[in-house]
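Undergrad: Pasting in a structure now, in structure tokens, and then I'll have a few things to ask.
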Amino acid sequence: MSHSKFISATIKAIFLITVGILIATNPGTKKYEQYASKALNSHLKENLCQEATGVLKSSCGILVDIARPQLNVAIAQSTQRKNFLVFSIYQTHLSLPSAIADYEFETVAILDYFYTYQAEKLD
């Protein structure tokens, strides 16, 4: 085998291995739902609960935790996945009770990680 054919074969092998790794580590919908649920739970506690007043302020974190199963269902029902094999984009339009607000999230999933690059509170 000539030197140039060896280099060409090596580059092809590295490319195929890289694509295989990306496909194998493209997280699925269930992992996204777990990620989104945890992120939303934290967001609500850090933001909504800080704005609460009176009795609601002292019990807000507990109420958010109690509502988590319903939030999980809402996330699952309001998320669309665009699967590009080596990565996915998740788009979630979450309608929460009017006292809280609606949110839109866009998240890229790659190498078993999630990165939310757009999080918008809708009025």
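Undergrad: Before anything else, pin down the relative contact order of the range 3-122: Cα pairs under 8 Å, at least 6 apart, normalised by residue count, whole percent.
TA: Contact order relative to length: 24 percent.
Undergrad: Please report His43, His93 as a ranked list, fewest other C-beta atoms within 10 angstrom at the top and most at the bottom.
TA: His93, His43
Undergrad: At a 10 Å Cβ-Cβ cut-off, how would you order Val55, Val64, fewest neighbours first?
TA: Val55, Val64
Undergrad: Can you tell me the FRET efficiency between Leu85 and Ile62 if r is taken as the Cβ-Cβ distance and R0 is 41 Å, rounded to the nearest 0.05?
TA: Computed FRET efficiency for Leu85 and Ile62 comes out at 0.50.
Undergrad: Something else about it: So which of Lys82/Lys121; Lys38/Lys121; Lys5/Lys82 end up more than 27 Å apart by C-alpha?
TA: Cα-Cα > 27 Å for Lys5/Lys82; rest within.
Undergrad: Fewest first, what order do Leu16, Leu96 take by the number of other Cβ atoms within 10 Å?
TA: In increasing order of surrounding Cβ atoms, one gets Leu16, Leu96.
Undergrad: How much mean residue ellipticity at 222 nm does the chain get from its helices, if each DSSP H run of length 4 or more adds -39500 (n - 2.57) and you divide by all residues, to the nearest 500 deg cm²/dmol?
TA: Mean residue ellipticity at 222 nm (helix-derived): -17000 deg cm²/dmol.
Undergrad: Another question, if that's okay. Normalised radius of gyration for the range 3-122, please: alpha carbon Rg relative to 2.2 N^0.38 Å, two decimal places.
TA: The value comes to 1.45.
Undergrad: Counting each pair of different Cα atoms once, what's the Kirkwood radius of the range 16-61 in Å, rounded to one decimal?
TA: 13.1 Å
Laboratory data are not the source of any read-out in this text; all were calculated from the coordinates shown. Computed from a prediction, not measured in an experiment: that's the story for all the values here. Cβ atoms come from the backbone with ideal geometry, glycine included; neighbour counts cover every protein chain shown.
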